[in-house]
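Worksheet: one structure, shown below.
The values are calculated or read from the model by the stated rules, or taken from the named source; none is laboratory data. The model shown is predicted, which means the values in this text are computed figures rather than measured ones. Cβ coordinates were reconstructed from backbone atoms using ideal geometry, including for glycine residues, and neighbour counts include every protein chain displayed. Only protein heavy atoms, including side chains, enter the accessible area calculation; ligands, DNA and RNA are left aside. Shrake-Rupley method; radii C 1.70, N 1.55, O 1.52, S 1.80 Å.
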Amino acid sequence: MDHSRTPLFTALKEHAAKNPVQFHIPGHKKGLGTDAEFREFIGDNAFSIDLINIAPLDDLHQPTGVIEEAQKLAADAFGADHTYFSVQGTSGAIMTMIMSVCSPGDKIIVPRNVHKSVLSAIIFTGAKPVFVSPAQDSNVGIDHGITISSVRKALKRHPDVKAVLVINPTYFGVSANLKEIVDLAHSYNVPVLVDEAHGVLIHFHEELPMSAMEAGADMAATSVHKLGGSMTQSSVLNVNTKNGYINPYRVQTIISMLTTTSTSYILLASLDTSRRSLALNGREMAARTIELAQYARNEVNKIEGLYCFGKEILGGEATYSYDPTKLTVHVRHLGITGYETENWLRDHYNIEVELSDMYNILCLITPGDNRETIDILLTALRELSDQYMHVNEINELVVKTPEIPQLSLIPRDAFYGDTEVVPFKESAGRIIAEFIYVYPPGIPILLPGEVISQENIDYITDHVDVGLPVKGPEDRSIQNVKVIVETDPIF
């Protein structure tokens, strides 16, 4: 296919050039009706293509024209049979995957360290999650993905599951052997869904982990905006129909149900043009990014008190391959937390990182970086080391993620059940009716239907006390929590 073409973006520019008289939404009418300061900052070009699904520009909900052409080009670029554009982010694409294969009461195998959108979809569908614990890294204090042996155990115990969901790669860039997991699941006639939010570049360079489509997975939700150059909130859902598990018409129906009817053509155009860039130059972009990241990694590892893992992490079931463009910088030996490091970098160098936890910060290196941005980061980290090395006591690394709680109710039943609010520190033994998670990366500690343990309470309290971003409950201070009402026994 001719990947130099951008059918949707080109159609938008041509339509704007005609300068039509608009009697349709959006009401800003090419920016004339919006705030003057905002218009000056954004620019008239952006407003001129902020359009709606009028006939010349096709309709994302039932594409038959330029959007259909753009999606076919994307499918070719990503090695998929069908690709669907998402203006609801990868969260919308993930929910579409699950809702396309699961019905009320169906089981689905999912890693415990999934994004909250997976659990949202489980609530919407009324499915029952079968959780698999991710492999833990006791060296740097992070979770990896699930292993083939854990998936095998889950499939043997629950051969009636409707799908297996895998994260590839994880937030920290590490992958298990996805091809083996896909082949195993397919031997049970179970489709594989992949959260590929952090894997858009892996399609375009052989030194990166294998992509979901290459591994033969059935669906993959991929964030083009995270690493591939499109605008925030724009993603793709790639579908492989060769295995016979996925009905593309149902996928179109579900994604349409979850998508606004006022789809952003600016976001769609950014997907169209980013596909062009990746298809034509993706390998070169990835190679340059990998080179920058490896330079950064080597320099970080020369700084006293800091460590950034690389190829030495490979060799385990959950660490089959890794994406070097994710820089996980371990700061424990400076006697500070990742959260303190994040704040220090912001306050002293105006640097913003992707996330922080008790022991690490995560920095994403993308095609938008260059040697100058990397050197700013390295300069900051060298000063950080000079300031904190040999000053504070080094805390022992403790990976104390609580055991997966007992699931007493299907999440949907708990979420919509009769509830009451109780003090969180007194909630042990109660069934929670809302989420508690750390974001980023959005991993659940408790989800509706699970029994709260004292271990959960202590773990969450520790995170709140050090300032880590614990979110989810309606009470944002996490002083109180919503639980299922316990009815009095009848004698």
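Please go through the range 176-204 and pick out each residue that is assigned to a strand (DSSP E or B) and either open to solvent by 10 Å² or more (accessible area, probe 1.4 Å) or over 16 Å from Ala221 (Cα atoms) (or both). Give the derivation first.
Within the range 176-204, the subset assigned to a strand (DSSP E or B) is 192-196.
Passing the criteria: only Asp195.
Could you tell me which numbered condition Leu57 fails, if it satisfies all but one of (1) in contact (Cβ under 8 Å) with a residue 24 or more places away in the chain; (2) touching a Gly at 6+ places or on another chain (Cβ under 9 Å); (3) among the aliphatic types (A, V, I, L, M); (4) surrounded by fewer than 16 Cβ atoms within 10 Å (Cβ to Cβ)?
For Leu57, the failing item is (4).
Among the residues of the range 205-216, are any part of a helix (DSSP H, G or I), assigned by the TED database to the domain that holds Val118 and open to solvent by 40 Å² or more (accessible area, probe 1.4 Å)? So that I can check it myself, show each step before the final result.
Applying the first criterion (part of a helix (DSSP H, G or I)) to the range 205-216 yields 212-215.
Next cut, assigned by the TED database to the domain that holds Val118 only: 212-215.
In the following step, the residues that additionally are open to solvent by 40 Å² or more (accessible area, probe 1.4 Å) were identified as 214.
Yes: one or more hits.
I want to confirm something. Restricting to the range 456-489 and keeping residues that are assigned to a loop (DSSP other than H, G, I, E, B) and acidic (Asp, Glu), which single residue is surrounded by the most Cβ atoms within 10 Å (Cβ to Cβ)? Break it down into steps so the answer makes sense when it comes.
The initial filter retains those residues of the range 456-489 that are assigned to a loop (DSSP other than H, G, I, E, B), namely 466-469, 472-479, 485-489.
Filter again for acidic (Asp, Glu), leaving 474-475, 486, 488.
Values: Glu474: 10, Asp475: 14, Glu486: 11, Asp488: 5.
Of everything passing the filter in the range 456-489, Asp475 is surrounded by the most Cβ atoms within 10 Å (Cβ to Cβ).
If you check Leu201 against the conditions, is it aliphatic (A, V, I, L, M), in contact (Cβ under 8 Å) with a residue 12 or more places away in the chain and either in contact with a strand residue (DSSP E or B) (Cβ under 7 Å, 6 or more places away or on another chain) or closer than 28 Å to Arg276 by Cβ (or both)?
So Leu201 passes the test.
Ala293 fails exactly one of the following numbered conditions: (1) under 21 Å from the mean Cα position of the chain (by Cα); (2) in the same structural domain as Lys162 (by the TED database); (3) surrounded by 21 or more Cβ atoms within 10 Å (Cβ to Cβ). What is the number of that condition?
With respect to (1) under 21 Å from the mean Cα position of the chain (by Cα); (2) in the same structural domain as Lys162 (by the TED database); (3) surrounded by 21 or more Cβ atoms within 10 Å (Cβ to Cβ), Ala293 is out only on (2).
Please tell me if His24 is within 27 Å of Ala217 (Cα to Cα), open to solvent by 20 Å² or more (accessible area, probe 1.4 Å) and not small (Gly, Ala, Ser). Don't jump to the end; show me each part of the working.
Working: within 27 Å of Ala217 (Cα to Cα): no; open to solvent by 20 Å² or more (accessible area, probe 1.4 Å): yes; not small (Gly, Ala, Ser): yes.
Considered against the rule, which asks whether it is within 27 Å of Ala217 (Cα to Cα), open to solvent by 20 Å² or more (accessible area, probe 1.4 Å) and not small (Gly, Ala, Ser), His24 comes out as no.
For Phe424, work out the one condition from (1) at pLDDT below 90; (2) among the aromatic types (Phe, Trp, Tyr); (3) open to solvent by less than 50 Å² (accessible area, probe 1.4 Å) it doesn't fulfil.
(1)
Can you tell me which residue among Ser149, Ser133, Ser223, Ser138 is surrounded by 24 or more Cβ atoms within 10 Å (Cβ to Cβ) and polar (S, T, N, Q)?
Details: Ser149 fails: surrounded by 24 or more Cβ atoms within 10 Å (Cβ to Cβ); Ser133 fails: surrounded by 24 or more Cβ atoms within 10 Å (Cβ to Cβ); Ser138 fails: surrounded by 24 or more Cβ atoms within 10 Å (Cβ to Cβ).
None of the others qualify; the one that does is Ser223.
For the condition in contact (Cβ under 8 Å) with a residue 12 or more places away in the chain and more than 30 Å from Thr253 (Cα to Cα), what is the one hit in Lys13, Lys18, Lys30?
On the way: Lys13 fails: more than 30 Å from Thr253 (Cα to Cα); Lys18 fails: in contact (Cβ under 8 Å) with a residue 12 or more places away in the chain.
On inspection, the qualifying residue turns out to be Lys30.
Among the residues of the range 309-328, is any of a type outside the set (Gly, Ala, Ser), open to solvent by less than 40 Å² (accessible area, probe 1.4 Å), out of contact with any Gly (no Cβ under 9 Å at 6 or more places or on another chain) and more than 30 Å from Ala215 (Cα to Cα)?
At the first step, the residues of the range 309-328 found to be of a type outside the set (Gly, Ala, Ser) are 309, 311-314, 317, 319-320, 322-328.
Still in the list and also open to solvent by less than 40 Å² (accessible area, probe 1.4 Å): 309, 313, 319, 322-328.
In the following step, the residues that additionally are out of contact with any Gly (no Cβ under 9 Å at 6 or more places or on another chain) were identified as 309, 313.
If we keep only those that are more than 30 Å from Ala215 (Cα to Cα) as well, we get none.
Within the range 309-328, not a single residue is of a type outside the set (Gly, Ala, Ser), open to solvent by less than 40 Å² (accessible area, probe 1.4 Å), out of contact with any Gly (no Cβ under 9 Å at 6 or more places or on another chain) and more than 30 Å from Ala215 (Cα to Cα).
Restricting the search to the range 407-432, which residues are more than 20 Å from Asp465 (Cβ to Cβ) and of a type in the set (Ser, Thr, Tyr)?
Once the filter is applied, which keeps residues that are more than 20 Å from Asp465 (Cβ to Cβ) and of a type in the set (Ser, Thr, Tyr), the range 407-432 yields Ser408, Tyr416, Thr419.
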